[in-house]
Structure formats: structure tokens, C-alpha cells
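My questions will all concern the structure given below.
The values are calculated or read from the model by the stated rules, or taken from the named source; none is laboratory data. The model shown is predicted, which means the values in this text are computed figures rather than measured ones. Every residue, glycine as well, gets a Cβ built from its backbone with ideal geometry; the counts of neighbours run over all protein chains shown.
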Amino acid sequence: MAQTIADVRGVLSGRRDGSIGIVPTMGALHEGHRSLLRAARAECDTVVMTLFVNPAQFSDRADLQRYPHNETHDLESARKAGVDVVFAPSADEMYPPGFQTWVDVTELGEILEGAHRPGHFRGVATVVLKLFTIVRPTHAYFGQKDAQQVEVIRRLIRDLALEIELRVLPTVRDADGVALSSRNGRLTPDERERAVAFSRALATGDADAARALLAASNGLEIDYIERADFDPPVLAGAVRIGSTRLIDNVVLEGDEA
Ligand code: AMP
């Protein structure tokens, strides 16, 4: 595992002739993350997984502090998935004292999730660009689960002319339809049961029908349910169940991702 920028650059210096795939994660790995790692392993000579809970993308301090950590489990998962290099920097390594350079994907970063979590996508875009400049990947792997994040990164790659192939993998779900998320672990058994209503509502593919279904189900508070003209178009939403906030989306046209 590399913890410094110098270390990861050193490890990668001998591997730059071939393709390099990056899989950015915040840890607490589940099958959704593993699907990205598998795709990267199948397509790239070198697979780099990054493990960094990015403080800049959390507007809520309590949410950051509660974010699940399990480095031993994550390193074991990465090893089993055939990851070549894990880059797990400290917050100081990524944001050294005096840090003041930010990347803002202005319009896309302000709608939907961005409207509810001001500064979130500025944090995402900044850290992802920094990880890209450190690792210099040929391919980057992201999940359709975070559809707006994918759209922001696609825009970033285009706007700044980065030479990176973006790969987007379909959302991995539990058998009952609930999208896998590190945050699901925070739900009580009762809340976990109620979470099914969220994925069922989105599965209607219609914002009004989804809102009506959720209004009728007990105790889910809607932050937003909206169609978004992303590539591909999605019905995206965020709900709060107790103290946990979940996001999810369904693809509206063509095949997922
Ligand atoms: P995170 O660790 O939550 O930042 O997620 C790291 C990557 O895994 C992001 O590209 C996510 O979109 C992706 N991801 C998270 N959950 C899922 C899921 N259920 N299915 C597919 N990809 C996912």
C-alpha cells in the first residue's frame, strides 16, 4: 500500500508502458466496488485502487466522522480482486497546509445532489482530478449508482482535455432491489426494510409516480426525485430514512450504463 504521492509515483514509474486503470473509492468495499475492480482488472495492465475518505466532499462534519472505515477488510478485498497498487493517502497528503486550488464543474455541480450538498461536487472534482494527476491513468472506473458524479467527471475529462477513458459500470443491487451502499450498514433492520420502497419508487421510471409511492410509504423523507438529462438519462433521487441519507437512480433509456 502506498500512502504518499511520491511512493505511488515510484511504484507506477515502471508500469507506464501499459494501460493503468484507476478505481477511486472511499473504502468500506462492497460488491459494487468489486464490480469496478473486476472490470479494471479485465481491461488494464495495472490496476490502482484509491482509498480516501475525501473531507472536501462532505458538507456535514458528522457525516464525515460517521463514515465507515475498515482498512483491513478493504486491503483484503483489493488483494482478492487482483489490485496491483492501493493508494491510501492521508488528508494532509491530499490537502497540504495552504491548499487553495479547487475545481468547480459549475452548472452540473449545483443541481440535484449539489443543491442539497453545497460544495460536494467541488470536493469530488478536485480530489478526482488530483488523483488523476498523481496516478495518470489511461482508464477510470466509476459506478452508475452515483450518476451525477459520473456526469461531473465526464464533463471534467472533456473540459480539461484529459486523456482518460471513462468506464461506467451498472449499479449493483441486493436481491430486494436496494442499491449497495456503504451507508446501508447504518440502517436499522426496520429502516433497511423500508429502504426497499425507495428503489421500488425509482423503478417506476416516472418522477410523479415515484413521489406518490414514497409519500404513501412510512417514514421516508424525499430530498428530491427528478429526471436528469444525463448520458444516459436517469430518474435520480435522494431520501432520508432516520439519520441516513440514501441516493439511487435508474436509467431511463437504453441499457444501463
Ligand atoms: P464510494 O466508495 O462510495 O465513493 O464509491 C466508489 C465507487 O464505487 C464510485 O464510483 C461509486 O459510484 C461506485 N459504487 C458505489 N456503490 C455502487 C453500487 N451499488 N454499484 C456500482 N457501483 C457502486
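May I ask you to list the residues in the range 211-225 that are in a strand (DSSP E or B) and either touching a residue at least 60 places away in the same chain (Cβ under 8 Å) or surrounded by 14 or more Cβ atoms within 10 Å (Cβ to Cβ) (or both)? Spell out the reasoning first.
Going through the range 211-225, the residues in a strand (DSSP E or B) turn out to be 220-225.
Leu220, Ile222, Asp223, Tyr224, Ile225, listed by residue number.
Please give the helices (runs of 4 or more DSSP H) falling wholly within the range 48-112 in which 1 or more residues are surrounded by 12 or more Cβ atoms within 10 Å (Cβ to Cβ), of a type in the set (A, V, I, L, M) and over 17 Å from the mean Cα position of the chain (by Cα).
71-80, 91-94
Scan the range 17-38 residue by residue and report those that are closer than 20 Å to Thr72 by Cβ and either touching a His at 6+ places or on another chain (Cβ under 9 Å) or more than 16 Å from the ligand (Cβ to nearest atom) (or both).
Val23, Thr25, Gly27, Ala28, Leu29
Report yes if some residue within the range 1-16 is more than 16 Å from the ligand (Cβ to nearest atom) and more than 17 Å from Arg136 (Cα to Cα); otherwise report no.
Among the residues of the range 1-16, at least one is more than 16 Å from the ligand (Cβ to nearest atom) and more than 17 Å from Arg136 (Cα to Cα), which makes the answer yes.
Checking Gly205 against (1) within 14 Å of the ligand (Cβ to nearest atom); (2) more than 19 Å from the chain's Cα centre (by Cα); (3) at positive phi, which test does it fail?
(1)
For a quick check of your reading of the model, give me the residue pairs whose first member lies in the range 27-39 and is in contact (Cβ under 8 Å) with a residue 24 or more places away in the chain and at positive phi, whose second is more than 6 Å from the ligand (Cβ to nearest atom) and among the acidic types (Asp, Glu), with beta-carbon atoms closer than 9 Å and at least 6 apart or on different chains.
Gly27/Glu71; Gly27/Asp74; Ala28/Asp74
For the range 136-175: of the residues being buried (at least 21 other Cβ atoms within 10 Å of the Cβ) and more than 11 Å from the ligand (Cβ to nearest atom), which is nearest to Asp17 (Cα to Cα)?
It comes out as Pro137.
May I ask you to verify whether Phe198 is within 16 Å of the ligand (Cβ to nearest atom), surrounded by 15 or more Cβ atoms within 10 Å (Cβ to Cβ), at pLDDT 95 or above and farther than 27 Å from Leu51 by Cα?
Values: within 16 Å of the ligand (Cβ to nearest atom): yes; surrounded by 15 or more Cβ atoms within 10 Å (Cβ to Cβ): yes; at pLDDT 95 or above: yes; farther than 27 Å from Leu51 by Cα: yes.
The answer is yes for Phe198.
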